[in-house]
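Below is one structure, written out as C-alpha cells; the observations come after it.
The values are calculated or read from the model by the stated rules, or taken from the named source; none is laboratory data. Computed from a prediction, not measured in an experiment: that's the story for all the values here. A quick note on method: Cβ atoms are made from the backbone with ideal geometry, for glycine too, and the neighbour counts reach across all protein chains shown.
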Amino acid sequence: MGYVVINTELCKGCELCISACNRGALSLSETQNRKGYQPVSLARPEKCNGCSLCAIMCPDVAITVYR
Amino acid sequence: MPEAAEKCVFKPTEGLTEKPLHYCPGCSHGIIHRLIAEVLEEMGQLDNTVGVGPVGCAAFCEQYFNVDWVAAAHGRAPAVATGVRRAVPDAVVFTYQGDGDLAAIGIAEAMHAAIRGEKITTIFVNNAIYGMTGGQMAPTTLIGMKTTTSPYGRKAEETGYPVDIPKLFSEIPGAAYVASGSTDSPKAVLQTKKYIRRAFETQLAGHGYSLVSVLSNCPTNWGLTPVKAMEWIRENLVPNYTMGELKVPTAAKGGEQA
Amino acid sequence: MQKLLVKGNEAISEAAIQAGCKLFFGYPITPSNEIIEYMARRLPEVGGHMVQAESEVSSIYMLLGAAGAGERCMTGTSGCGFSLMQEGMSFLAAYELPVVIVDVARLGPALGNLDPSQGDYFQWTRGGGHGDYYNFVLAPSGVQEAADLMGLAFDLADQYRMPAVVAMDGVLGQMMEPVTFRQTDTAHLPPKTWAARGKKGGPKHDVVGYILDPVKAERSDIQRAARYDQIRATEQRWEEIALDDADLVVVSFGTAGRVARAAVREARQQGIKVGLIRPITLWPFPTNPIATALTQNAKGFMVAEMNMGQMVEDVRLAVNGRAPVYLHRNMGGSMPTTEELVARIRTLAGEVSVHA
Ligand SMILES: Cc1ncc(C[n+]2csc(CCOP(=O)(O)OP(=O)(O)O)c2C)c(N)n1
Ligand code: SF4
Ligand code: SF4
Ligand code: SF4
C-alpha cells in the first residue's frame with residue numbers, strides 16, 4: 001500500500017501522472033490553485049501502491065510518494 | 001494519511017531549488033531538469049558542479065538547478081563550458097541545450113567540443129521545434145511536420161532532413177559516451193536517467209565528451225495536450241531518431257547497444 | 001631588471017602571463033599569430049592552457065566561461081576576428097566579467113591585405129556589439145608600453161569588472177624593441193567571490209546577464225552607468241608634450257601617435273608652438289587634457305589617424321566647437337611619415353594663429 005502527497009500549488013494539472021498511474025488512483029480535482037490550474041488529487045487512495053510512476057513523470061516535482 | 005511504518009520513496013531532489021518551474025504544463029523540460037538534479041545529488045556532486053545554460057525555453061534554468069551556473073548566449077554553451085572546464089579542472093561541467101540551440105546556431109560549438117574531447121556533458125533536449133520563439137522549424141523538425149515557418153509541412157527538397165544528433169556525434173572520436181533517450185513514459189524516463197548518470201560518470205573518469213539526447217515534447221507549440229504530446233513522441237520522434245546507447249567508453253563497455 | 005628584445009605580440013603575451021593569465025582562447029589570424037603561438041609554448045610551462053577554438057565566436061565564449069569561473073584569461077585576434085567576437089563582448093559587458101581582448105588590427109575587410117590600420121577605432125570604442133556598454137580600450141604606441149598596458153588591462157578589468165581591449169596594429173605587433181617586464185600590485189583588487197566554480201559548501205553562484213524585473217534592470221544599468229562615469233573621471237590616461245603654450249595641439253594614438261610624437265618634437269625645434277596629446281586610453285577618452293589645452297593656449301587641434309577619421313569624432317565632442325579640429329588621415333593601410341606630419345603641422349599652426 002502507498003499514498004502520494006500532491007503539492008497543489010506546484011501542480012499544473014497536466015495529467016501526465018494520471019496517465020502514468022496504471023491503477024487509476026489519481027484524478028483532477030474540482031478546485032483551482034492560485035495559478036488557476038486544476039491540481040491533481042489522490043481520488044482513490046485505496047488503489048495506490050506507492051509505485052512512484054506518477055512522480056517519475058511529473059514535470060513540476062509536485063508529487064511525493066510514501067509506501 | 002501518513003502512518004509511522006510508511007516511508008518516503010520519492011521526494012523532491014536537493015538538486016533543484018524551491019523555485020517553481022516556469023514551463024508550460026506537461027513540458028518535458030521539467031522532467032529532464034529533475035533527472036539531472038537527481039543524478040548530481042545521488043553522485044554527491046551538487047557542490048562540485050557548474051552548469052551552463054542555453055537560450056530557449058530553458059534560458060532561465062539556473063534558477064532551478066541548485067548548482068553554480070554560467071548562462072551562455074544562444075548556441076554557445078559548449079564554448080562557455082570549455083572555458084569553465086579549463087578554469088576548474090576538477091568540477092563536473094555540463095551544458096543544457098535545446099535543438100535550436102545545439103543543432104542549429106550552436107552546432108559548431110557543440111561538435112568542436114566533442115571533437116576536442118572536452119570533458120563536459122551535454123544534455124540535448126530535442127523537441128523538434130523552437131519552443132521559446134513560438135514554434136518555428138528546427139533542424140530536428142520531422143518531414144511533413146507543420147511549424148510556423150514550415151506552414152505547409154517540412155519539405156525535404158527545400159530544407160533537407162532532420163538531423164540525428166546522437167548518431168552524428170557518435171561518429172566523433174572525442175565523444176566518449178553518446179546516448180539517446182526519451183521522456184514519453186516512466187520507463188523511458190528511468191532509462192534516460194541511467195544515460196545521464198553514465199554520461200557524468202564518463203566525464204568524471206576523464207574519458208572525454210559525453211552527450212545524452214532526450215526526446216521531449218512541446219505541447220504548446222505542437223498544439224497537443226501533454227498526454228497526447230507524449231504519445232506523439234513515441235509514435236513519431238522515437239522511430240525517426242537513433243535510440244539507446246550509441247557509444248560507451250571502451251573501458252566501460254557493457255551497456256546496451258542501439 | 002633584465003631587458004629582452006622581443007616582438008610586440010610576444011611582449012604582450014609574456015606580460016599577460018606575468019600578470020597571472022593562465023588561460024588563452026583563440027583562433028589563428030595574422031598579424032596576431034605570435035600571441036597564440038607564444039601562449040601554446042609558454043602557458044603549459046606555468047600550468048596554464050592555450051585552447052585553439054574553432055572560431056572567434058567560440059573563443060570569446062570560452063573566455064566568458066573561464067572568466068565566469070574567476071580566472072584571468074585573454075584572447076588575441078585581428079579585425080574580422082574581433083568583429084566575430086562582438087556578440088560575446090556584449091554578453092561579457094552585461095555579465096560584468098573581467099577579460100582582456102587584444103586586437104592587432106589590420107586593414108579591413110581582413111582578407112589578404114595585412115597593412116596596419118586604425119580602422120577598428122569604432123569597433124573598439126563604440127562596442128560594435130548590441131546593448132549599452134563600454135570597454136576599457138588601451139592603445140600602446142611601442143613594445144614596452146604594450147607590455148605595461150597588458151598588466152594594467154588585467155588590473156582594470158578586475159577592479160571594475162569589465163572587459164579591457166588592448167588596441168594594437170600590425171606594426172606594433174611585429175616591431176621588436178627592448179622590454180622590461182614589470183609586476184603590478186594587485187593587492188587592492190576585489191576577490192572574485194561571485195565566480196562559478198562549484199558551490200563547495202557555500203551559496204550558489206549564478207553568472208548571468210539578464211534581469212527580467214524592469215525596476216531591477218533599470219537599477220542595474222544606472223549603477224553600471226555610474227561606474228562608467230567614475231571611470232571617465234578617474235581613469236583617463238594619455239601622454240602629452242608641450243601643451244602649456246601650444247597654439248596647435250596634435251591628437252594621435254598608437255602607431256600614428258608614435259610618428260606624431262617625433263613630428264611634434266621636430267616642429268618644436270623649428271620653433272612652431274605645437275603640442276601633443278597621445279591618448280593611451282581610447283575609452284575613457286582623455287577629454288581632460290583637451291579641456292586643459294583649451295584653457296591654456298590651444299587655438300586648434302590636428303587629429304592624425306590611420307583611417308577615414310574615427311577618433312576625430314571624439315576630439316570634436318571634447319572640443320565641443322570651441323576651436324577648429326582638423327583631420328590628417330592616412331588610409332588604405334598607409335602610415336604617416338614624420339616629414340608629412342611636420343609639413344601639415346606647419347600649415348595648420350599658421351592657419352590657427354592667423355584666425356585666432
Ligand atoms: C543570436 C540569437 N538568435 C536568435 C535568438 C532567438 N531565439 C531564442 S530561443 C530560440 C530557439 C530556441 O529553440 P530550442 O533551442 O529548440 O529550445 P526550446 O525553446 O525549444 O526549449 C531562438 C531562435 C537568440 N536568442 N539569439
Ligand atoms: S504511486 Fe503509483 S499507484 Fe500511487 S498514484 Fe502514483 S502511480 Fe498511482
Ligand atoms: S504530473 Fe505533476 S503537474 Fe502534472 S498533473 Fe500530475 S502532479 Fe500535476
Ligand atoms: S513552449 Fe514548449 S518547450 Fe517551451 S516551455 Fe512551453 S511546452 Fe515547453
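Details
- The condition of being more than 10 Å from ligand 1 (Cβ to nearest atom), free of Cβ contacts under 8 Å to residues at least 24 places away in the same chain and β-branched (V, I, T) holds for only one of B:V70, B:V88, that being B:V70.
- Hey, B:V9 under 20 Å from A:N7 (Cβ atoms) and part of a strand (DSSP E or B) or not: yes
- Residues that are hydrophobic (A, V, I, L, M, F, W, C), within 16 Å of ligand 4 (Cβ to nearest atom) and within 14 Å of another protein chain (Cβ to nearest Cβ), drawn from region B:190-225: B:V214, B:C218, B:W222, B:L224
- Candidates C:A262, C:A225, filtered to the one that is in the same structural domain as C:M308 (by TED's automatic domain parsing) and surrounded by fewer than 18 Cβ atoms within 10 Å (Cβ to Cβ): C:A262
- Per the listing A:R23, A:R44, A:R67, the residue uniquely farther than 24 Å from B:A188 by Cβ, of a type in the set (K, R) and away from ligand 4 (no atom under 16 Å from the Cβ) is A:R44.
- Residue list for region C:182-215, filter: surrounded by fewer than 12 Cβ atoms within 10 Å (Cβ to Cβ) and over 31 Å from the mean Cα position of the chain (by Cα): C:K200, C:G201, C:G202, C:P203, C:L212, C:D213, C:P214, C:V215
- Failed criterion for C:G108 (all others in (1) modelled with pLDDT of 95 or more; (2) more than 11 Å from every other protein chain (Cβ to nearest Cβ) hold): (1)
- Only one of the numbered conditions (1) crowded, with 24+ Cβ neighbours inside 10 Å; (2) touching a residue at least 60 places away in the same chain (Cβ under 8 Å) is violated by C:T30, and that is (1).
- Members of region C:265-280 that are surrounded by 24 or more Cβ atoms within 10 Å (Cβ to Cβ) and within 15 Å of the chain's Cα centre (by Cα): C:R278, C:P279
Conditions (1) assigned to a strand (DSSP E or B); (2) within 16 Å of ligand 3 (Cβ to nearest atom); (3) within 20 Å of the chain's Cα centre (by Cα), marked per residue:
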| residue | (1), (2), (3) |
| --- | --- |
| B:A114 | no, no, yes |
| B:G117 | no, no, yes |
| B:F124 | yes, no, yes |
| B:T133 | no, no, yes |
| B:I143 | no, no, no |
| B:G153 | no, no, no |
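- Selection count where residues are facing chain B (nearest Cβ under 9 Å), crowded, with 24+ Cβ neighbours inside 10 Å, touching a residue at least 24 places away in the same chain (Cβ under 8 Å) and not polar (S, T, N, Q), scope region C:58-77: 11
- With respect to the conditions (1) modelled with pLDDT of 95 or more; (2) in a loop (DSSP other than H, G, I, E, B), C:G131 lacks only one, and its number is (1).
- Taking region A:1-55 as the range and being of a type in the set (G, A, S), assigned to a helix (DSSP H, G or I) and without any contact (Cβ under 8 Å) to a residue 40 or more places away in the chain as the test, the residues that pass are A:S19, A:A20.
- Within region A:20-40, if we keep just the residues that are crowded, with 18+ Cβ neighbours inside 10 Å and within 10 Å of ligand 2 (Cβ to nearest atom), the residue that is nearest to B:C24 (Cα to Cα) turns out to be A:V40.
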